[in-house]
Amino acid sequence: MSELAMVPVLDVRRLEPPEPLERILDALADLPAGEPLCVLHRREPFPLYDLLKRMGYDWRTQGQDDRFEILIWPREAPPSRRESDEGQPD
């Protein structure tokens, strides 16, 4: 089993704003130090990205239409070699 198969997943696709943002921030606060989080969202959460940057997280977003997957990890601890090889968002 790969490292990413064990990443906790938070599905906020059915929640109305601002609840997705609140749930994501709560989940990050509750994670053990250095652990990543995978978020399933129905749209790209642009307001979240600025907060993540200021909080010391990096992320990678994949998806389109109404299904986005956002992998979030602490800047100093990428979740696996594969993600760190792909670079970090601006």
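Checked across segment 41-52, the condition of being out of contact with any His (no Cβ under 8 Å at 6 or more places or on another chain), free of Cβ contacts under 8 Å to residues at least 12 places away in the same chain and assigned to a helix (DSSP H, G or I) holds for at least one residue.
For segment 4-28, filtering for residues that are part of a loop (DSSP other than H, G, I, E, B) and over 14 Å from Ile72 (Cβ atoms) leaves 6. Scanning segment 9-24 for residues that are closer than 16 Å to Leu71 by Cα, open to solvent by 50 Å² or more (accessible area, probe 1.4 Å) and not basic (Lys, Arg) yields Val9, Asp11, Leu21.
Counting the residues of segment 29-40 that are assigned to a loop (DSSP other than H, G, I, E, B) and within 9 Å of the chain's Cα centre (by Cα) gives 1. The set of residues in segment 19-33 that are closer than 19 Å to Phe46 by Cα and among the small types (Gly, Ala, Ser) contains only Ala27.
The values are calculated or read from the model by the stated rules, or taken from the named source; none is laboratory data. Here the structure is a predicted model, which is why all the values come from computation and not from measurement. Note that we place each Cβ from the backbone using ideal geometry, even for glycine, and neighbour counts take in every protein chain shown. All accessible areas refer to the heavy atoms of the entire protein, side chains included, with ligands and DNA or RNA removed. Shrake-Rupley method; radii C 1.70, N 1.55, O 1.52, S 1.80 Å.
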